[in-house]
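Every number here is computed from the coordinates shown, using simple stated rules; none is lab data. Remember, it's a predicted structure, so these values are computed and weren't measured experimentally. Heads up, the Cβs are rebuilt from the backbone with ideal geometry, glycines too, and the neighbour counts pull from every protein chain shown.
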Amino acid sequence: MSAQQLAFNRIFRRERINAVLVEGDSFHRFDRAEMKLKMADASARGDHDPKGIDFPYLLSMIHDSFMSRPNIIVAPGGKMELAMQLILTPMILKMMDVRRRAIGAQTIRGVSA
């Protein structure tokens, strides 16, 4: 199991989120070449900052971490999973909240989810 899978599994278990792991390249929106182009386009537009990541908080929580660039945090190898959990948990919780609100709005309008 990869470090990413471990981090996601621990987040889902801790937050009591019933998640299903779907693997495979068929679920990628872009292939590698297309992704490089999308990233270059975003960079040319000036859209290269991670939104919603509190880097000062991460630096305080992950001992011996440092910023190598304005939007890149470097965490010691043994702390990678912790770093991923600290970054991803708020994002996952926000997505779950958006989902709950959308389902609630559909229920209010009489549309079944």
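So, with +1 on the Cβ of K and R and -1 on the Cβ of D and E, and no other charges, what is the size of the charge dipole of the chain about its Cα centre, to the nearest 20 debye?
Here the chain has a charge dipole of around 440 debye.
The value of relative contact order for the chain, using C-alpha pairs under 8 Å at least six residues apart, is 26 percent.
Per residue, the convex hull spanned by the Cα atoms of region 3-109 amounts to 170 cubic angstrom. When the chain is described by a simple charge dipole with +1 on each Lys and Arg Cβ and -1 on each Asp and Glu Cβ, the residue from 106, 52, 21 located farthest towards its positive end is 106.
If R0 equals 30 Å, the separation of the Cβ atoms of residue 59 and residue 105 corresponds to a calculated FRET efficiency of about 0.20. Placing a label point 7 Å from the Cα of residue 93 along the Cα-to-Cβ direction, the residues of region 1-26 with a backbone N closer than 13 Å are 11-12, 14-17. Label-to-label distance, residue 1 versus residue 17, with points set 7 angstrom from Cα along the beta-carbon direction: 1.6 nm.
Could you give the length gained by full extension between residue 85 and residue 28, i.e. 0.36 nm per residue of separation minus their alpha carbon distance, to one decimal place? Provide the component values of the computation, followed by the final result.
Details: separation 57, 0.36 × 57 = 20.52 nm, distance 2.21 nm.
Computed gain between residue 85 and residue 28 is 18.3 nm.
Each helix, a run of at least 4 DSSP H residues, gives -39500 (n - 2.57); summed and divided by the residues of the chain, these come to -18000 deg cm²/dmol at 222 nm.
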